[in-house]
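Chemist: Pasting in a structure now, in structure tokens, and then I'll have a few things to ask.
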Amino acid sequence: MDIFDFINNYKNHPVLFIGTGFSLRYLENSYSWEGLLKKIAFELKGNNEFFYDLKGRVYDRKSGNYDFMQLASFLQEEFNRQVSEDRNGKFKDINDEYYRKSSEGITSDKFKIYIASLLKDLDKRNGKSDELEVFNLLSKNISSIITTNYDKLIEDITDFEPLVGNNILLSNPYGSVYKIHGSVDNPEELVFTTEDYADFDQRYDLIRAQLISLFVHNPIVFLGYSVNDTNIKKILSTIFKYVQFNSEQAELIRNNFLLVEYQEGSDSLEILDHDIDVHGYPLRINKLKTDNYIELYRALESLSLPVSTYEIRRVLDNVKDITSGGTIKVSIAEDIDQLKNSERILAISPKSKSTIEYTYTDSSQLIIDYFDIIESKSENLIKLIDEFPIAKSHWFPIFGFVHLVPDLQKAEILKIQQKLKLTNNLKNNLSRFDVHGLNNIDDILDTKNIPESYKNDYIFYRVFNNSISPDDLKKYLVNIDGDLDSNYKKLLCLYDYKKYETL
């Protein structure tokens, strides 16, 4: 069976479990566990001899393996000692950050601050942008992502919300990145040494239970791990403490597991059986050995289920609002039109119809949720456009929606309205578009040569004239709190036109 047929059998949205190999594939400044330890030891001592001394100390002759957790503990102790004794030396910046945190009441660690500094920037490899673009598209079909990586690559290429530590508890799993070993944003939370892992095992029973629930109910795709990785074996061991090997549930879990293992130069898309030893029992799981990640991502992107992860996420968020109390109003009506003055509506049909519908009562929410709707391809929400009155004076981004639902009745008139408004905005504000030679949004925002009130107009002008790409404009838009601000809507409509007008 190939990967497309395998994934098409999924009945639920899969969970991705992402390891170090993922970051190694896409980042120049990523390391294996051993490689990171070796890098730190070299920077500390100026050669590799100290690392090799430590490596010899943690070798287990019986298993033939090295205890890198223990090596990390030894290295942490020496790093902190040496850096503390040389306050203004090579690691002055690390000392500065440590004492800044201490002055703010934050108990930190110089060793972990240095680890975070090595991984904080995302130095992406050349030649992998196509894969990352498809990965961004497939995220609409992913329930959640779990990772042991510290870097922020996943957050950079998806809109998923990162969760660390206790924030994982009782969270909405849809659209979340569970960073179970910590993040570079909070070095204090990094799980790295023997002591860290022991503490993790003791403190995170509830988190582990929540993750096991995901594994039992969703397909799991492991990316960036080898078949012998201890993380995979720990997960399987934990699950099968509670699930009998020969049970129906065990068979369901086995069928849900897919391990993607890197094999240089391979274009294979064939799913193979593989046995892993768990508590002395051979556990058969599915494995794909390949270097053809773009086709793997396309297979995940092509998964078609009745309800998108975006719609499920919105439903769960609304249910959370209902159960947490506050000002939300809950009404029961026979006819959805009775609720037409509501800002948002969650419609649940009789059980016999088995449908849940999240809907809007006016076009403004389509603008606010524009990028989520486009990425999740929520055709039911897009079709609501034909039901809403949209005045000529309103900014409304129609081209992306028409790209997904070409038969919208209002498509042509709204296209004309949008193009006319974009052209008129350009003509009416020409006096603000003095040429400053700036073709980067950050430079435009930082310059003192353009009045603050004109900067969004100048960004509009540079995007309109193709000096700034639509993708760069999107990055700006998703990181500002625009909602229904007129400047936001103008730029959103321009992005929409530039991105989708010729498709």
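Chemist: Quick one: Glu189 ticks every box in (1) assigned by TED's automatic domain parsing to the domain that holds Phe17; (2) at pLDDT 95 or above; (3) farther than 29 Å from Phe371 by Cα; (4) charged (D, E, K, R) except a single one, so which number is it?
Modeler: For Glu189, the failing item is (2).
Chemist: Does Leu420 satisfy being aliphatic (A, V, I, L, M) and in contact with a helix residue (DSSP H, G or I) (Cβ under 7 Å, 6 or more places away or on another chain)?
Modeler: Numbers: aliphatic (A, V, I, L, M): yes; in contact with a helix residue (DSSP H, G or I) (Cβ under 7 Å, 6 or more places away or on another chain): no.
So Leu420 does not fit the description; no.
Chemist: With the checklist (1) aromatic (Phe, Trp, Tyr); (2) under 31 Å from the mean Cα position of the chain (by Cα); (3) modelled with pLDDT of 90 or more in hand, flag the one item Tyr358 doesn't pass.
Modeler: Single failed check for Tyr358: (3).
Chemist: Shifting gears a bit: Within segment 468-478, can you find the residues that are over 13 Å from Leu438 (Cβ atoms) and either touching a Lys or Arg at 6+ places or on another chain (Cβ under 9 Å) or without any contact (Cβ under 8 Å) to a residue 40 or more places away in the chain (or both)?
Modeler: First pass over segment 468-478, keeping only residues over 13 Å from Leu438 (Cβ atoms): 469-471, 473-478.
The answer is Ser469, Pro470, Asp471, Leu473, Lys474, Lys475, Tyr476.
Chemist: Does segment 218-234 contain at least one residue that is assigned to a strand (DSSP E or B), of a type in the set (Lys, Arg) and in contact (Cβ under 8 Å) with a residue 12 or more places away in the chain?
Modeler: Filtering segment 218-234 for residues assigned to a strand (DSSP E or B) gives 220-223.
After this cut, where a residue has to be of a type in the set (Lys, Arg) as well, the list is none.
No, that holds for no residue.
Chemist: Among the residues of segment 396-410, write down those that are crowded, with 20+ Cβ neighbours inside 10 Å and either more than 19 Å from Leu494 (Cα to Cα) or in contact with a Ser or Thr (Cβ under 7 Å, 6 or more places away or on another chain) (or both).
Modeler: Of all residues in segment 396-410, those crowded, with 20+ Cβ neighbours inside 10 Å come to 396-402.
Correct list: Phe396 only.
Chemist: Kindly list, by first and then second residue, each pair from a residue in segment 448-467 that is assigned to a loop (DSSP other than H, G, I, E, B) to a residue that is surrounded by 11 or more Cβ atoms within 10 Å (Cβ to Cβ) and not basic (Lys, Arg), limited to pairs with Cβ atoms under 7 Å and residues at least 6 apart or on different chains.
Modeler: From residues that are assigned to a loop (DSSP other than H, G, I, E, B), the pairs are Asn449/His436; Ile450/His436; Ile450/Ile444; Ile450/Tyr458; Ser467/Asn439.
Chemist: Further question on the same structure: Go through (1) within 10 Å of the chain's Cα centre (by Cα); (2) within 14 Å of Glu189 (Cβ to Cβ); (3) surrounded by fewer than 17 Cβ atoms within 10 Å (Cβ to Cβ) for Glu161 and report which single condition fails.
Modeler: That leaves (2) as the condition not met.
Chemist: Just checking, does segment 279-294 include any residue being surrounded by fewer than 18 Cβ atoms within 10 Å (Cβ to Cβ) and within 21 Å of Lys140 (Cβ to Cβ)?
Modeler: Yes: one or more hits.
Chemist: Within the bounds of segment 141-152, is there any residue that is among the charged types (D, E, K, R) and more than 11 Å from the chain's Cα centre (by Cα)?
Modeler: Going residue by residue through segment 141-152, those that are among the charged types (D, E, K, R) are 151-152.
Now narrow it down to the ones that are more than 11 Å from the chain's Cα centre (by Cα): 151.
Yes; the residues of segment 141-152 include at least one that is among the charged types (D, E, K, R) and more than 11 Å from the chain's Cα centre (by Cα).
Chemist: Just one of (1) buried (at least 20 other Cβ atoms within 10 Å of the Cβ); (2) under 31 Å from the mean Cα position of the chain (by Cα) trips up Leu54, so point out which.
Modeler: With (1) buried (at least 20 other Cβ atoms within 10 Å of the Cβ); (2) under 31 Å from the mean Cα position of the chain (by Cα) applied to Leu54, the lone miss is (2).
Chemist: Go through Leu118, Leu75 for me and flag whichever is at pLDDT 95 or above and surrounded by 19 or more Cβ atoms within 10 Å (Cβ to Cβ).
Modeler: Details: Leu118 fails: surrounded by 19 or more Cβ atoms within 10 Å (Cβ to Cβ).
Just a single option satisfies the conditions, and that option is Leu75.
Chemist: Does any residue of segment 13-28 turn out to be touching a residue at least 12 places away in the same chain (Cβ under 8 Å), exposed (fewer than 15 other Cβ atoms within 10 Å of the Cβ) and in contact with an Asp or Glu (Cβ under 6 Å, 6 or more places away or on another chain)? Before the answer, list the steps.
Modeler: Here is the first cut: in segment 13-28, the residues touching a residue at least 12 places away in the same chain (Cβ under 8 Å) are 13-28.
Still in the list and also exposed (fewer than 15 other Cβ atoms within 10 Å of the Cβ): 28.
Next, only the ones that are in contact with an Asp or Glu (Cβ under 6 Å, 6 or more places away or on another chain) stay: 28.
Yes - at least one qualifying residue is present in segment 13-28.
Chemist: Looking at Lys234, is it closer than 30 Å to Ser63 by Cβ and charged (D, E, K, R)? First the steps, then the outcome.
Modeler: Values: closer than 30 Å to Ser63 by Cβ: yes; charged (D, E, K, R): yes.
So Lys234 passes the test.
Residues are listed down the side, and each one gets a yes or a no for (1) out of contact with any Pro (no Cβ under 9 Å at 6 or more places or on another chain); (2) assigned to a loop (DSSP other than H, G, I, E, B); (3) not aromatic (Phe, Trp, Tyr):
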{"position": "Ser23", "(1), (2), (3)": "yes, no, yes"}
{"position": "Ser30", "(1), (2), (3)": "yes, yes, yes"}
{"position": "Gly35", "(1), (2), (3)": "yes, no, yes"}
{"position": "Lys38", "(1), (2), (3)": "yes, no, yes"}
{"position": "Glu43", "(1), (2), (3)": "yes, no, yes"}
{"position": "Phe51", "(1), (2), (3)": "yes, no, no"}
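Chemist: May I ask you to say which residue of Ile94, Ile106 is touching a Lys or Arg at 6+ places or on another chain (Cβ under 8 Å) and either surrounded by 12 or more Cβ atoms within 10 Å (Cβ to Cβ) or in a loop (DSSP other than H, G, I, E, B) (or both)? Can you show your working first?
Modeler: On the way: Ile106 fails: touching a Lys or Arg at 6+ places or on another chain (Cβ under 8 Å).
Selected residue: Ile94, the only one of Ile94, Ile106 that is touching a Lys or Arg at 6+ places or on another chain (Cβ under 8 Å) and either surrounded by 12 or more Cβ atoms within 10 Å (Cβ to Cβ) or in a loop (DSSP other than H, G, I, E, B) (or both).
Chemist: Further question: Given the options Lys128, Lys101, name the one that is in the same structural domain as Leu153 (by TED's automatic domain parsing) and at negative phi.
Modeler: On the way: Lys101 fails: in the same structural domain as Leu153 (by TED's automatic domain parsing).
It is Lys128.
Chemist: So which of Ser213, Ser176 ends up being small (Gly, Ala, Ser) and either touching a residue at least 12 places away in the same chain (Cβ under 8 Å) or crowded, with 19+ Cβ neighbours inside 10 Å (or both)?
Modeler: On the way: Ser213 fails: either touching a residue at least 12 places away in the same chain (Cβ under 8 Å) or crowded, with 19+ Cβ neighbours inside 10 Å (or both).
Every option except Ser176 fails the conditions.
Chemist: Lys55 - would you say it is assigned to a loop (DSSP other than H, G, I, E, B) and charged (D, E, K, R)?
Modeler: Numbers: assigned to a loop (DSSP other than H, G, I, E, B): no; charged (D, E, K, R): yes.
Judged against the criteria, Lys55 is not a match.
Chemist: Can you confirm whether Leu258 is touching a residue at least 60 places away in the same chain (Cβ under 8 Å), out of contact with any Asp or Glu (no Cβ under 9 Å at 6 or more places or on another chain), closer than 30 Å to Lys128 by Cβ and among the hydrophobic types (A, V, I, L, M, F, W, C)?
Modeler: On the way: touching a residue at least 60 places away in the same chain (Cβ under 8 Å): yes; out of contact with any Asp or Glu (no Cβ under 9 Å at 6 or more places or on another chain): yes; closer than 30 Å to Lys128 by Cβ: yes; among the hydrophobic types (A, V, I, L, M, F, W, C): yes.
Spelling it out, Leu258 is indeed touching a residue at least 60 places away in the same chain (Cβ under 8 Å), out of contact with any Asp or Glu (no Cβ under 9 Å at 6 or more places or on another chain), closer than 30 Å to Lys128 by Cβ and among the hydrophobic types (A, V, I, L, M, F, W, C).
Chemist: Here's something else I'd like to know. Restricting the first residue to segment 275-301 and requiring it to be within 20 Å of Ile232 (Cα to Cα) and assigned by TED's automatic domain parsing to the domain that holds Leu16, which pairs with a second residue that is among the hydroxyl-bearing types (Ser, Thr, Tyr) and assigned to a loop (DSSP other than H, G, I, E, B) meet a Cβ separation below 7 Å and a spacing of at least six or different chains?
Modeler: Filtered contacts from segment 275-301: Lys289/Ser266; Lys289/Ser268; Thr290/Ser266; Thr290/Ser268.
The values are calculated or read from the model by the stated rules, or taken from the named source; none is laboratory data. Since we're looking at a predicted model, the values are computed, not measured. Please note: Cβ atoms are built from the backbone with ideal geometry, for glycine as well, and neighbour counts cover all protein chains shown.
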